[in-house]
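See below for the structure under consideration.
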Amino acid sequence: MHLLVVANETVTGRTLIEAVERHRAADLRVTVICPVNQPRRGYVVYEDTRRAAAGRRLDRTLSMLREEGISAHGLVVESDPITAVRDALAQLEPPVDELIVATHPQQKSGWLRKNVIDRIRDVAGSRPVEHVVVDVTAETGQQNVLVIANETVLGEALLDKVKQRAQRGNASFLIISPQSDPSEGAHPEAERRLKRAVAELRGAGIDAHGQVAHPDPFSAALEAMREERVDEIIVSTFGPEKSGWLRRDLVERLRSETGVPVEHVTAKEEVPA
């Protein structure tokens with residue numbers, strides 16, 4: 001039997017491994033695909049960090065399956081999960097017999113918010129599709145922290161806050177920099193700032209990647225949460241006399257809408273250019 005497993009951040013979950021083991025048979029063959037979807041808005045700085053992180057998770061999963069005596073291989077694919085499954089079903093040999101799709105719990109799953117399970121069932125046709133819920137936070141303690149900053153992204157206050165949060169425990173950081181002018185296709189200054197911030201954090205051993213987004217920080221944050229699991233949010237702004245984000249009550253709106261902890265960092269005006 002050929003079993004196709006579809007998962008990204010949940011791929012290392014013990015719950016998923018146990019679901020695969022329930023399909024154990026003498027001829028069981030497992031293919032694991034990890035879709036790494038690019039965001040619909042903006043673009044990713046150091047996009048290879050997402051693919052590399054998915055590759056490391058996939059390698060751990062394949063090792064765990066092989067240790068259980070299960071024939072397993074897999075690959076990271078740069079597409080949405082629906083396209084990834086459609087391509088896998090068309091190309092894999094021997095043909096896929098059944099599928100397992102792993103997601104985060106409902107309140108934190110971008111895939112569930114986009115109705116991915118039902119859409120995969122449509123693509124799978126008569127093949128059985130099992131949905132497995134993996135609570136990564138409960139199993140591993142890892143937290144995903146969303147950082148929202150634009151001109152203050154290189155501010156000492158924000159970088160120190162991220163480093164302090166990283167020291168407290170297992171965390172990954174996605175930094176998004178919403179831009180003020182949505183009519184512009186490129187934002188070279190923002191990209192340079194964001195690359196410097198990500199490089200400094202990664203140089204300190206912190207799992208961080210970044211994305212230039214546009215234009216409204218509230219919408220950009222919700223868009224990011226539709227794509228990825230978010231457990232905490234850090235917002236960096238100038239003081240109230242200079243910050244349009246604070247005048248639009250961004251911090252409280254995020255607290256009310258997202259239901260996750262939101263921490264506000266105020267930067268000094270002397271932020272590096």
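For region 115-151, what are the residues that are in contact (Cβ under 8 Å) with a residue 40 or more places away in the chain and of a type in the set (A, V, I, L, M, F, W, C)? Of everything in region 115-151, those that are in contact (Cβ under 8 Å) with a residue 40 or more places away in the chain and of a type in the set (A, V, I, L, M, F, W, C) turn out to be 120, 123, 132, 133, 134, 136, 145, 146, 147, 148, 149. When the test is whether a residue is within 19 Å of the chain's Cα centre (by Cα), among the hydrophobic types (A, V, I, L, M, F, W, C) and surrounded by fewer than 20 Cβ atoms within 10 Å (Cβ to Cβ), residue 138 passes it.
Condition check: closer than 23 Å to residue 14 by Cα, at pLDDT 95 or above and assigned by TED's automatic domain parsing to the domain that holds residue 22. Does residue 123 satisfy that? It is false that residue 123 is closer than 23 Å to residue 14 by Cα, at pLDDT 95 or above and assigned by TED's automatic domain parsing to the domain that holds residue 22.
One residue alone among 222, 194, 201 is without any contact (Cβ under 8 Å) to a residue 40 or more places away in the chain, part of a helix (DSSP H, G or I) and either among the polar types (S, T, N, Q) or not assigned by TED's automatic domain parsing to the domain that holds residue 52 (or both), and that residue is 222.
Could we say that residue 96 is in contact (Cβ under 8 Å) with a residue 24 or more places away in the chain and in a loop (DSSP other than H, G, I, E, B) here? Break it down stepwise before answering.
On the way: in contact (Cβ under 8 Å) with a residue 24 or more places away in the chain: yes; in a loop (DSSP other than H, G, I, E, B): yes.
For residue 96, the condition - in contact (Cβ under 8 Å) with a residue 24 or more places away in the chain and in a loop (DSSP other than H, G, I, E, B) - is met.
In this structure, is residue 258 hydroxyl-bearing (Ser, Thr, Tyr), surrounded by fewer than 18 Cβ atoms within 10 Å (Cβ to Cβ) and in contact (Cβ under 8 Å) with a residue 12 or more places away in the chain? Against the criterion (hydroxyl-bearing (Ser, Thr, Tyr), surrounded by fewer than 18 Cβ atoms within 10 Å (Cβ to Cβ) and in contact (Cβ under 8 Å) with a residue 12 or more places away in the chain), residue 258 qualifies.
Please count how many residues of region 225-257 are farther than 17 Å from residue 171 by Cβ, outside any loop (DSSP other than H, G, I, E, B) and not charged (D, E, K, R). Outline the logic, then answer.
Filtering region 225-257 for residues farther than 17 Å from residue 171 by Cβ gives 226-227, 237-257.
Retained after the next criterion (residues that are outside any loop (DSSP other than H, G, I, E, B)): 226-227, 237, 244-247, 250-257.
So of that shortlist, the ones also not charged (D, E, K, R) come out as 237, 244-246, 250-251, 254, 256.
Of the residues in that region, 8 qualify.
The set of residues from region 49-87 being basic (Lys, Arg), at pLDDT below 90 and closer than 23 Å to residue 23 by Cβ comprises 57, 60. Residue 269 falls short on exactly one of the conditions (1) in contact with a Phe, Trp or Tyr (Cβ under 7 Å, 6 or more places away or on another chain); (2) under 30 Å from residue 103 (Cβ atoms), and that condition is (2).
With respect to the stated conditions, residue 86 is basic (Lys, Arg), within 17 Å of residue 124 (Cβ to Cβ) and surrounded by fewer than 19 Cβ atoms within 10 Å (Cβ to Cβ). So, in region 33-48, exactly how many residues are modelled with pLDDT under 65, closer than 26 Å to residue 124 by Cβ and over 13 Å from the mean Cα position of the chain (by Cα)? The total comes to 1.
The values are calculated or read from the model by the stated rules, or taken from the named source; none is laboratory data. Predicted model only: the values in this text are computed from it and were never measured. Note that each Cβ is placed from the backbone with ideal geometry, even for glycine, and that neighbours are counted across all protein chains shown.
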